[in-house]
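Remarks on the structure that follows.
Values in this text are rule-based calculations from the coordinates and carry no lab data. Keep in mind the model is a prediction, meaning the values are calculated, not measured. Glycine also receives a Cβ, built like all others from the backbone with ideal geometry; neighbour counts cover every protein chain displayed.
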Amino acid sequence: MSGFSVEWLNLREAADQRARAPHLREQALAWLGLAGDAHTQPQAGEAIVVDLGAGTGSTLRALAAPGSQRLVWRLVDHDGALLDEALRRHGKHYRIEDYQSDLTVIGELPLGGARLVTASALFDLMSAAFIEALVLRLASVRGSWASGLYAALNYDGTTVWDPPHADDAAVLAAFNDDQRRDKGTGLALGPEAGGHLVSALTHAGFKVQTASSPWLLGATDAAMVEALITGIAAAVAVSPGLDAKRLANWREFRLAHATSGSCSVGHVDVLALP
């Protein structure tokens, strides 16, 4: 899989946390026994959360609530350095089991006993085969520990900049094409990931809810916006639809407005319960 640096994950953290759909987060917490009707939910100490592509622990931080320290957090990532950072930040305060694992080997993922499987900004990097195999494994488990799935921040292919530039649409089309390339798990679904995930979960019998969760970026996010612009330009540099001069002009224009403009990047959150 393509890797992400601690620096980039730190830059995007505030935007990620703002973007999450609040009502789906609350329902995920209720499923874990941390909100809602405690009489119909398991006690928090009994619940296991398996976070796929855990990185530095962003999902753990997003679901922090009274009682969350009593959960068992299984953090799974292929990048040992990111897991080490997650343990450094949270190992003294949470019950963490870390697994450096190849996420594509579905049968070996440590899902046993999970009350909730989570992932943030992961499924748009993955293939259709990965999503279908994971949903099949989740659906095969019945009984007292049937698991839900909370998948946040799946990129939906939309980006709107203000002020606009004549090549925004061309750059976006090239970027979305790049999002669909093989990132180590087969051809990635990119912007189609959210819809494919919902379809697979619904077909498997889950009760599925979705909500929009866009990044809304402004002047206070300038460092992240600059990194985003630079990353997009690098990703589309070999696109046949953009020559180098057009792309350089777009990049310069966008960077010049990083502190004065705004940007919305579309995502969708998904919550599926048995």
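Below is a table of values for the structure above.
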{"item": "Subset of segment 73-89 (residues that are buried (at least 18 other Cβ atoms within 10 Å of the Cβ) and not acidic (Asp, Glu))", "result": "73, 74, 75, 76, 82, 83, 86"}
{"item": "Inter-residue pairs, beta-carbon under 9 Å, first free of Cβ contacts under 8 Å to residues at least 24 places away in the same chain and in segment 239-256, second of a type in the set (S, T, N, Q), 6+ apart", "result": "251/230"}
{"item": "All positions within segment 94-124 that are of a type in the set (S, T, N, Q), closer than 30 Å to residue 177 by Cβ and touching a strand residue (DSSP E or B) at 6+ places or on another chain (Cβ under 7 Å)", "result": "101, 118, 120"}
{"item": "Candidate set: segment 134-159, residues that are of a type outside the set (Ser, Thr, Tyr), more than 21 Å from residue 216 (Cβ to Cβ) and surrounded by 18 or more Cβ atoms within 10 Å (Cβ to Cβ); chosen: the one farthest from the chain's Cα centre (by Cα)", "result": "139"}
{"item": "Only one of 271, 217, 189, 255 that is in contact with a Cys (Cβ under 6 Å, 6 or more places away or on another chain) and not aromatic (Phe, Trp, Tyr)", "result": "217"}
{"item": "Some residue of segment 257-265 being surrounded by 15 or more Cβ atoms within 10 Å (Cβ to Cβ), more than 25 Å from residue 24 (Cβ to Cβ), touching a residue at least 40 places away in the same chain (Cβ under 8 Å) and over 18 Å from the mean Cα position of the chain (by Cα)", "result": "yes"}
{"item": "Residues (crowded, with 20+ Cβ neighbours inside 10 Å and either over 27 Å from residue 175 (Cα atoms) or β-branched (Val, Ile, Thr) (or both)) located in segment 106-133", "result": "109, 111, 114, 115, 116, 117, 118, 131"}
{"item": "Selection status of residue 162, of a type outside the set (Phe, Trp, Tyr), surrounded by fewer than 21 Cβ atoms within 10 Å (Cβ to Cβ) and over 18 Å from the mean Cα position of the chain (by Cα)", "result": "yes"}
{"item": "Search result, residues across segment 180-221 that are in contact with a helix residue (DSSP H, G or I) (Cβ under 8 Å, 6 or more places away or on another chain) and of a type in the set (D, E, K, R)", "result": "180, 183, 221"}
{"item": "Pairs, first of a type in the set (Ser, Thr, Tyr) in segment 171-185, second assigned to a helix (DSSP H, G or I), C-beta under 9 Å, six or more apart", "result": "185/125; 185/129; 185/130"}
{"item": "Count of segment 90-105 residues which are touching a His at 6+ places or on another chain (Cβ under 9 Å), buried (at least 18 other Cβ atoms within 10 Å of the Cβ) and of a type outside the set (Val, Ile, Thr)", "result": "1"}
{"item": "Residue in segment 93-111 that is small (Gly, Ala, Ser) and touching a residue at least 40 places away in the same chain (Cβ under 8 Å) present", "result": "no"}
